[in-house]
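None of the figures in this text is laboratory data; all of them are computed from the coordinates on show. Since this is a predicted model, take the numbers as computed values, not measurements. As a convention, Cβ positions derive from the backbone with ideal geometry for all residues, glycine included, and neighbour counts pool all protein chains shown.
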Amino acid sequence: MKTIELEAALGTGAAAGLIEALRESRGAELRLDASKVESLGAACLQALLAGAAAWRQDGAKLTLAEPSEAFRSDAATMGATALLAELEGAAA
């Protein structure tokens, strides 16, 4: 399983790199390490939502590992608690 370590600052400037990393990994089992995330912005959240949908469509496993408290808080603020539950549940 491939692992992508998410950047500490997942703002607009990080979105293009995240999208590219997800594109390069499409179809493979993928683990997103969110342990060092200090902030999560809307553009990166949108990329993660699109990635989750793509992996779901492909029937591949995409998991979120060790999301930091900041990642959890920012995702919840933007209403993405279902994404957290889905991706963390995939790790089980």
Inset, instruction - Rank Gly27, Gly51, Gly11 by how far each Cα sits towards the positive end of the charge dipole of the chain (+1 on Lys, Arg Cβ; -1 on Asp, Glu Cβ) and give me just the farthest. - result: Gly27
Legend entry - Computed helical MRE - 222 nm, the chain, DSSP H runs ≥ 4 contributing -39500 (n - 2.57), nearest 500: -16500 deg cm²/dmol
Legend entry - Net dipole in debye of the range 11-92 [+1 Lys, Arg Cβ; -1 Asp, Glu Cβ; about Cα centre; nearest 20]: 180
Legend entry - Gained length - Ala28 relative to Thr12, 0.36 nm times residue gap less alpha-carbon distance: 3.2 nm
Inset, instruction - Note down the relative contact order for the chain as a percent, whole number, built from C-alpha pairs under 8 angstrom at least six residues apart. - result: 31
Inset, instruction - Mind listing the long-range amide H neighbours of Asp33? Cut-off is under 5 Å, sequence gap 5 or more, other chains count too, H placed in the peptide plane at 1.01 Å from N. - result: Ile4, Glu5, Leu6, Ala65
Inset, instruction - Please report, largest first and rounded to whole Å, the three semi-axes of the ellipsoid equivalent to the range 27-91, where each semi-axis is the square root of five times an eigenvalue of the C-alpha gyration tensor. - result: 19, 12, 10
Inset, instruction - For the range 64-75, just list the computed ³J(HN,Hα) in residue order, Karplus coefficients 6.51, -1.76 and 1.60, θ = phi - 60°, integers in Hz, with x standing in for Gly and Pro. - result: 10, 10, 6, x, 5, 4, 5, 4, 4, 5, 5, 5
